[in-house]
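Take a look at the structure set out below.
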Amino acid sequence: MKVTPTALPEVLIVEPDVVSDARGSFWESYNARRFFEATGLQPDFVQDNHTQSVRGALHGLHYQIRQPQGKLVRVVAGEIFDVSVDVRRSSPTFGRWIGVHLSAANRRQAWMPAGFAHGFSVLSERAEVLYKVTDFWAPEYERGILWSDPEIGIDWPQTAAPLLSAKDAAAPLLRDA
């Protein structure tokens with residue numbers, strides 16, 4: 001397993017070791033012992049989420065004010081642009097973002113600890129995204145930030161207007177969240 005820190009050092013790119021032969025390939029998508037050895041982290045994953053979306057769909061930016069969730073995100077079909085935004089008010093990187101291309105082909109995963117808002121846009125015709133979380137979904141604590149907040153300045157790769165849920169389209173700016 002190869003682990004690479006990003007410009008936001010707590011957000012990590014995780015790449016599995018892949019074994020391939022004439023039949024196909026095999027890799028461990030998650031192994032708690034190897035993850036700890038590579039990162040020093042021992043997340044307690046309590047829930048797996050699976051989304052299926054079409055090209056142009058944009059999800060996020062989501063976080064929870066209580067029961068914050070660390071997330072390990074991967075793509076099993078298609079390709080996405082995955083974004084983490086630091087929403088920890090006491091952090092020196094508050095309001096900064098990092099984006100990474102995740103796809104079934106590159107097998108990369110993104111780890112973002114609790115305290116980050118998460119979103120992604122779908123770049124392929126369809127994408128299926130799986131993500132492990134460290135706390136349960138709590139709708140009463142769920143919050144969002146507008147995907148296009150100019151103070152954050154995320155450089156989303158799509159050229160057309162994104163497909164948004166009503167909730168995401170009405171999300172507040174970070175300064176108002």
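Each reported figure results from applying straightforward, stated rules to the coordinates on display, with no laboratory input. A quick note: this is a predicted structure, and the numbers were derived from the prediction, not measured. Ideal geometry is used to build each Cβ from the backbone, glycine not excepted, and the neighbour counts take in all protein chains shown.
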The extension gain from Arg33 to Val18, computed as 0.36 nm times the residue separation minus the Cα-Cα distance, is 3.7 nm
Net charge of Cβ neighbours under 9 Å - reference Gly119; Lys, Arg +1; Asp, Glu -1:
-2
If you wrap the chain's Cα atoms in a convex hull and average its projection over all directions, what's the area in nm²?
10.6 nm²
The Rg/Rh figure for region 1-104, Cα atoms and Kirkwood Rh, to two decimals is 0.97
Could you sort 115-122, 76-83 so that the peptide with the highest average Cβ count within 10 Å comes first and the rest follow in order?
115-122, 76-83
Residue by residue through region 94-109, the couplings from Karplus 6.51 cos²θ - 1.76 cosθ + 1.60 with θ = phi - 60°, in Hz, x for Gly and Pro, are 3, x, 8, 10, 9, x, 9, 7, 10, 8, 5, 6, 8, 6, 5, 10
Net dipole in debye of region 51-177 [+1 Lys, Arg Cβ; -1 Asp, Glu Cβ; about Cα centre; nearest 20]
320 debye
Just the number, please: percent antiparallel of the DSSP beta bridges in region 1-148, rounded to the nearest 5.
100 percent
Under the Karplus relation 6.51 cos²θ - 1.76 cosθ + 1.60, θ = phi - 60°, what is the ordered set of whole-Hz ³J(HN,Hα) values for region 40-48, x standing for Gly and Pro?
x, 9, 10, x, 9, 6, 10, 7, 10
If we count every other residue with Cβ under 15 angstrom of Leu61's Cβ, Lys/Arg +1 and Asp/Glu -1, where does the sum land?
-2
